[in-house]
1. Kirkwood Rh, the range 339-444, all Cα pairs: how many Å?
2. Taking 56 Å as R0, compute the FRET efficiency from the Cβ-Cβ separation of Lys257 and Ile34 and round it to 0.05.
3. If each residue of separation counts as 0.36 nm, what is the full-extension length gain between Ala101 and Leu400 once their alpha-carbon separation is subtracted?
4. In which sequence would Tyr293, Tyr266, Tyr304, Tyr108 go, from the one with the fewest C-beta neighbours within 10 Å to the one with the most?
5. Grab the Cα-Cα distance for Thr47 and Lys118, subtract it from 0.36 nm times how many residues apart they are, and report the gain in nm with one decimal.
6. Within a 10 angstrom radius of the beta carbon, how do Leu105, Leu138 rank from fewest other beta carbons to most?
7. First select every other residue whose beta carbon is under 15 angstrom from the beta carbon of Leu136; then total the charges, Lys and Arg +1, Asp and Glu -1.
8. Can you sort Ile395, Ile407, Ile372 by how many other beta carbons sit within 10 Å, fewest first?
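Nothing in this text is a laboratory measurement; each read-out follows from the coordinates by a stated rule. Note that the structure is a prediction, hence the values are computed from the model and not measured. Using ideal geometry, Cβ is built from the backbone for each residue, glycine included, and neighbour counts are taken over all protein chains shown.
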Amino acid sequence: MNDEHKKKVNQKYEEQLQKGERFWPDAIYKDLLISFALFILLIGLATFVGVHPEPKVDPSDATYVPRPEWYFLFLFEFLKYFPGEFEWVGAAVIPGILVVALMFLPLYDKNPFRHNSKRKFAIGLMSVIVSGIVTLTLMAATNISAIIAGLLGALIAALIFFSLYKEVSFLQGSVRKSILWVMAIAIVGIVGVTYQQTAAMASDEEEVHIASSIAEKMVLGLDLYSIECVECHGADGEGGEITITAADGTEEKLPVKSISSNDEMYTRNDGSLFDIIAYGQPNLGMPPFGGAYGGELSPSEIEYIVTFMRYEWDDRAEVPAEAAGAAIPVLAEGEVPSYEVHVSALVKRQCLSCHREGKENNDYLMDTYEGILNGGKNAPNVVADDMDSILLQTIQGVELTGNDGEIIHVMPPNGKPIKDEYIDIFIRWVEAGMPEAVDDAAALSVEVAPVVEETPSE
């Protein structure tokens, strides 16, 4: 391009710049061309490429957890911050305001410049929206921490705040100050919320043990399963029957299918098990257990339950050597069980789903050593060296009559009976005087000499 031609091009550009471009029909015409091109592209992809086929819909599968496609995941995640009666705000009001703002953009955006360097305010505002969409999508798809998202939002807001400080000079002084104050308060608020959540997480970490191995995850998962899940699903995931109350007050019995069968474990991966526990299955009477959905379990705790289910019930899963037997108390021959190691573990996994604080119609709390010995209206439920103790008889299938004449039912009241090896631990513990500490039980243990087979002499 020679100088003369370059001069003509620049002159023509200056004339067009002074003249400007009309929104109608010039800008609309370009948008229509691009929209039509994208439409043709989508038609071509749908015709010649298609989509990856998914499994056929099974109307009888009530365990399916619906989730939107990835491009709607940010709205799916956004709704978590507007639970219950405020859901309509996140679902309709805020997205509606953003859509209306985009529709009327040509009416209030009077900036005549088109270069990026001259449109920092518009670019900065849209960057905030896009960053928010990306962050929410990552949170929904990868379970990224809300703290990380908060820090990211604070960083973006701070950068925009300082970059746009001089870009709102076209506004009047009072309006300009108001906008800047709102932005500053928003940054402080994001930082404050992030700090609060960080402190809360740090407090939780002090109280919750973080498992670092398969063995630990199996133990913690079994403990959690026994407290949260056994009542409906059974000690071994065999299922049963639950009673739910409808909105009109009527009661309905619903079957609970086995979750430990090969049909279940073979057809569900760890992700689907995680989602079912976190989101719940309201149509089957199962509430959500994920903390973000109204439950009381953290993502790590749900992961522990899934790990226990996989290694305990899936015969294809090879349990690591260090985790073998970790989920079940092991009692050697001649060893006296202690409350600390054996009995407390069994009580957690067999009894605490019912015999704990917060359960209705229960006065026998078994979450402590003293509670097992002296708790309940029929105390004492277990007496040292007494094989006729209430606890021992009920777990062996004997139905008794309490001090008040009421029936003391067989334990557990629902599901399969307690395993014989578990009953043996309780019996040997009572026979030994119910030692609490490991050292006390060890002092009572008898070391059994190994049997040596004699070789016949020739």
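1. 14.1
2. Working: r = 52 Å, r/R0 = 0.93.
With a Förster radius of 56 Å, E is 0.60.
3. Once the chain is fully extended between Ala101 and Leu400, it gains 100.5 nm.
4. In order of increasing Cβ crowding within 10 Å: Tyr108, Tyr266, Tyr293, Tyr304.
5. Extending this stretch completely gives an extra 21.3 nm.
6. Ascending number of Cβ neighbours within 10 Å: Leu105, Leu138.
7. 0
8. Numbers: Ile395 21, Ile407 9, Ile372 24.
Ordered by Cβ neighbours within 10 Å, fewest first: Ile407, Ile395, Ile372.
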